[in-house]
1. Find, among the trypsin sites (Lys or Arg not before Pro) in the range A:11-114, those assigned to loop by DSSP (not H, G, I, E, B) with at most 13 other beta-carbon atoms within 10 angstrom.
2. Determine the dipole magnitude for the range B:3-110: charges of +1 sit on the beta-carbon of Lys and Arg, -1 on that of Asp and Glu, nothing else is charged, the reference point is the Cα centre, and the result goes in debye to the nearest 20.
3. Could you list log10 I(q)/I(0) for the range B:3-110 at q = 0.13, 0.15, 0.17, 0.22 Å⁻¹, which the Debye formula gives when each Cα is one point scatterer?
4. If you place +1 on the Cβ of every Lys and Arg, -1 on the Cβ of every Asp and Glu, and leave all else neutral, what size is the dipole of chain A about its Cα centre, to the nearest 20 Debye?
5. Two decimals is fine: what is log10 I(q)/I(0) at q = 0.28, 0.30 Å⁻¹ for the range B:50-111, from a Debye sum with one equal scatterer on every Cα and no solvent?
6. Compare the Cα positions of A:Pro107, A:Ile60, A:Ser8 along the charge dipole of chain A (+1 at Cβ of Lys, Arg; -1 at Cβ of Asp, Glu; about the Cα centre) and return the one farthest towards the positive end.
7. Under the Karplus relation 6.51 cos²θ - 1.76 cosθ + 1.60, θ = phi - 60°, what is the ordered set of whole-Hz ³J(HN,Hα) values for the range B:7-19, x standing for Gly and Pro?
8. Which chymotrypsin sites (Phe, Trp or Tyr not before Pro) in the range B:24-60 pass both tests, a DSSP loop state and at most 15 other beta-carbon atoms within 10 Å?
Amino acid sequence: DVKVTQSSRYLVKRTGEKVFLECVQDMDHENMFWYRQDPGLGLRLIYFSYDVKMKEKGDIPEGYSVSREKKERFSLILESASTNQTSMYLCASSPHTKTYNEQFFGPGTRLTVL
Amino acid sequence: AQSVSQHNHHVILSEAASLELGCNYSYGGTVNLFWYVQYPGQHLQLLLKYFSGDPLVKGIKGFEAEFIKSKFSFNLRKPSVQWSDTAEYFCALKGYSTLTFGKGTMLLVSP
């Protein structure tokens with residue numbers, strides 16, 4: 001079974017703090033993704049990575065950055081957290097194939113910024 | 001650009017009722033289509049997928065979906081829902097590169 005784990009299920013931070021969300025997958029997948037999930041808005045892609053040290057902006061990258069130093073690990077960074085970044089953050093991974101890319105999701109981190 | 005539209009944000013059904021959740025997409029090229037489900041407190045997981053071939057695809061837990069290219073649709077169906085189907089359902093499209101998700105439909109099945 002593919003396993004995607006996220007470092008925290010719940011996180012509470014203060015405005016202005018630097019926040020790190022970690023994601024690890026154990027299936028040697030090339031692709032990794034960070035989404036945020038908000039009620040009524042579905043999942044929106046923040047950043048993704050097709051390879052180590054490689055990153056691409058998704059639909060809503062503002063206020064976020066990412067790091068991929070190792071194939072199995074993909075970190076999402078909030079440089080200066082703001083209250084509008086309170087959300088559920090989902091990490092996903094998928095194999096790099098030329099056919100369909102089914103994504104496998106982690107359990108999510110619910111971040112509250114006070 | 002690619003986009004996905006789910007018709008209903010909330011659906012309430014009684015057990016044994018039939019289910020159809022609408023999904024329409026916008027993309028001019030070859031598509032891969034997915035339905036994901038998120039049960040309360042659980043991971044998002046894949047219900048079924050369409051890649052090519054038979055437009056009627058069957059997934060887990062008795063769900064199926066039909067890809068109708070002329071209508072740009074990929075509706076999810078189940079003949080008889082159970083209380084345990086209460087969840088949020090997301091339609092997703094892979095067109096050019098990444099997945100684009102719809103906004104989700106929350107299904108509540110009353111016993």
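No value in this document is a laboratory result; all are computed from the given coordinates. Remember, it's a predicted structure, so these values are computed and weren't measured experimentally. Note that we place each Cβ from the backbone using ideal geometry, even for glycine, and neighbour counts take in every protein chain shown.
1. Passing sites in the range A:11-114 are A:Arg14, A:Lys18, A:Lys53, A:Lys98.
2. Using Cβ point charges on Lys, Arg, Asp and Glu, the range B:3-110 gives about 260 debye.
3. Ignoring solvent entirely, the Cα scatterers give -0.42, -0.57, -0.73, -1.21.
4. Magnitude of the dipole: close to 280 debye.
5. Taking Cα atoms of the range B:50-111 as identical point scatterers yields -1.35, -1.39.
6. A:Ser8
7. 6, 10, 8, 9, 9, 10, 10, 8, 3, 6, 6, 8, 10
8. On the way: sites: B:Tyr25, B:Tyr27, B:Phe34, B:Trp35, B:Tyr36, B:Tyr50, B:Phe51; in loops: B:Tyr27, B:Phe51.
Passing sites in the range B:24-60 are B:Phe51.
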